[in-house]
Amino acid sequence: MPVPILSTRDLTKTYGRGPDRFDALKGVSLEIDRGDSVAIVGKSGSGKSTLMHLLALLDTPGGGEVHVDGTDAKTLTARKLNTLRNQMFGFVFQQFFLNHTSSVLENVVLPLKIAGVGARERRIRGMAVLEQLELADKARNKAGNLSGGQKQRVVIARALANNPQVLFADEPTGNLDTATGRIVEDILFDLNQNQGITLITVTHDHDLAARFNRRLFIRDGKLITTDEEHAA
């Protein structure tokens, strides 16, 4: 049996203390296989974004375990954890988090710069992902001058610069109109289906969720049902 690329066991997360205490996750256990596409679905405050942040090693659980390729994340040093996150994961958020005064290419290669990749290699890899997303002609443009759809494609390019095995997307089309959002969705599913990247997306949009191989429904911090049927 192949080891899941990500799995959790009895995952909990609590914020605050006393009367302000909020249990965001209440014992979530799940497995995600390599190359899968998974939608984490729930209303605002259900715990879906908290779950994604824990899966992506952006936060630490209050209790339980997160395993990456069979390794318990708790056993890793902070340095190894950062390296693992930077090498294995890519991130696409609803807020673009771009430096609007820098060029598109400079934004895309930022993860490579942080990883210590040389300037020439950064440019080669950055231009390759911009070409892939049909943005090569915008490489020298200031990021702030792009449309919303173009900015989200730059964010996807930046997420792909490190050749991630898992792509996390938090409401990736939330700030886009329907037609532009559909284009961004198609890009993400193409990466999943044709490049084998594991795609994990948080959404409250049931139409978007229906396109995924699996849906995990979260309510009040608990996994209530899992739907593993292939989307029609």
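Radius of gyration over Kirkwood radius for the stretch 6-227, both on Cα atoms: the Rg/Rh ratio is 0.97.
Using the 10 angstrom Cβ neighbour count as an exposure proxy, how do Val68, Val202 rank, fewest first?
Fewest-to-most ranking of Val68, Val202: Val68, Val202.
For the stretch 93-223, with equal point scatterers placed on the C-alpha atoms only and solvent neglected, what are the log10 I(q)/I(0) values from the Debye formula at q = 0.16, 0.22 1/Å, to two decimals? Each listed q corresponds, in turn, to -0.80, -1.36.
Here the Gaussian network model covers the chain, with springs between Cα atoms less than 10 Å apart; of Thr60, Thr198, Thr14, Thr14 fluctuates the most. Relative contact order of the stretch 22-137: 13 percent, from C-alpha pairs under 8 Å at least 6 residues apart in sequence.
For the pair Ala115 and Thr71, a Förster radius of 22 Å applied to the C-beta separation gives a FRET efficiency near 0.65, rounded to the nearest 0.05.
What is the sum of charges, Lys and Arg at +1 and Asp and Glu at -1, for the other residues whose Cβ falls under 14 Å from the Cβ of Ala78?
Overall, the nearby charge balance is +3.
Cross-linked pairs Lys48/Lys74; Lys43/Lys138; Lys74/Lys113: Cα-Cα separations exceed 29 Å for Lys43/Lys138.
The Rg/Rh ratio of the stretch 1-79, with Rg taken over Cα atoms and Rh as the Kirkwood radius over Cα pairs, comes to 0.99. For the chain, the relative contact order works out to 28 percent when only alpha carbon pairs closer than 8 Å and six or more residues apart are counted.
None of the figures in this text is laboratory data; all of them are computed from the coordinates on show. A quick note: this is a predicted structure, and the numbers were derived from the prediction, not measured. In this analysis, Cβ positions are derived from the backbone assuming ideal geometry, glycine residues included, and neighbour counts consider all displayed protein chains.
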